[in-house]
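Visitor: Please find one structure pasted underneath; my questions will follow.
The values are calculated or read from the model by the stated rules, or taken from the named source; none is laboratory data. Because the structure is predicted, anything quoted here is derived from the model rather than measured. Every residue, glycine as well, gets a Cβ built from its backbone with ideal geometry; the counts of neighbours run over all protein chains shown. The area values use the complete protein model at the heavy-atom level, side chains included, leaving out ligands, DNA and RNA. Shrake-Rupley method; radii C 1.70, N 1.55, O 1.52, S 1.80 Å.
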Amino acid sequence: PSASQQNKSLSPSKDKDIDTNLKNLIKLNRAKNLARQAAEKANGGLRLYRAEPAMHQAGENAPYKINSDGSLTFTFKGRQATTSFFTILSVVTVDLDREIVTMNYNGEIPTQVKQ
C-alpha cells in the first residue's frame, strides 16, 4: 500500500467500530506528541524551538507514515522560536509497543542540488 493508504489505517473509518477508531486516534496522537517532544528536546526546548503547526493538531493531520513493523515515522519541519522560517527537519520514529522514540535525523532541511 502507498503511504497515503497506510496513513488511512489509523484514521477514523465507518468500516471500523467506534472503539477501534478511538484507540487508533489516541495511539496516533500519542506517537505524534512523543515525536514532537523529542524534536523540542533535541533543539533546545520550547524556549528556542517550534515545530510546524501540523505537529500541534490532531494526530491524523501530522506528516507520518506507518512502517512495516507497526512503528510510526514523523517527518516535519521546525524553526527557531524567534523566526518564522522553517530551517530544521526532524525525522522521528516512534514504536509505542516497545516504548522507543528514535531521532533518525535532526538538522538542516536538505536543499536540492541545482544542475
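Visitor: So which of 42, 54, 62, 58 is under 15 Å from residue 104 (Cβ atoms) and of a type in the set (Gly, Ala, Ser)? Give the derivation first.
Guide: Working: 54 fails: under 15 Å from residue 104 (Cβ atoms); 62 fails: under 15 Å from residue 104 (Cβ atoms); 58 fails: under 15 Å from residue 104 (Cβ atoms).
On inspection, the qualifying residue turns out to be 42.
Visitor: Checking the structure you have, find out if any residue of region 51-58 is more than 12 Å from the chain's Cα centre (by Cα), within 30 Å of residue 21 (Cβ to Cβ), acidic (Asp, Glu) and not in a strand (DSSP E or B).
Guide: Checking region 51-58: not a single residue is more than 12 Å from the chain's Cα centre (by Cα), within 30 Å of residue 21 (Cβ to Cβ), acidic (Asp, Glu) and not in a strand (DSSP E or B).
Visitor: Taking the condition over 20 Å from residue 51 (Cα atoms) and of a type in the set (A, V, I, L, M), does residue 89 pass?
Guide: The answer is no for residue 89.
Visitor: Within region 38-49, identify whether any single residue is among the charged types (D, E, K, R), under 11 Å from the mean Cα position of the chain (by Cα) and at negative phi, and answer yes or no.
Guide: The answer is no; no qualifying residue exists.
Residue by residue, here is whether (1) outside any strand (DSSP E or B); (2) under 12 Å from the mean Cα position of the chain (by Cα); (3) exposed (fewer than 10 other Cβ atoms within 10 Å of the Cβ) holds:
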site	(1), (2), (3)
65	no, yes, no
76	no, yes, no
83	yes, no, yes
86	yes, no, no
89	no, yes, no
94	no, yes, no
101	no, yes, no
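Visitor: Now for a different question. Among 85, 76, which is within 17 Å of residue 30 (Cβ to Cβ) and of a type outside the set (Val, Ile, Thr)?
Guide: Among 85, 76, only 76 is within 17 Å of residue 30 (Cβ to Cβ) and of a type outside the set (Val, Ile, Thr).
Visitor: What are the residue pairs meeting all of these: first residue in region 100-112, first residue over 14 Å from residue 87 (Cα atoms) and touching a residue at least 24 places away in the same chain (Cβ under 8 Å), second residue of a type in the set (Gly, Ala, Ser) and open to solvent by less than 90 Å² (accessible area, probe 1.4 Å), Cβ atoms under 6 Å, and 6 or more apart or on different chains?
Guide: Every condition considered, the pairs that remain are 101/38; 103/38; 103/42.
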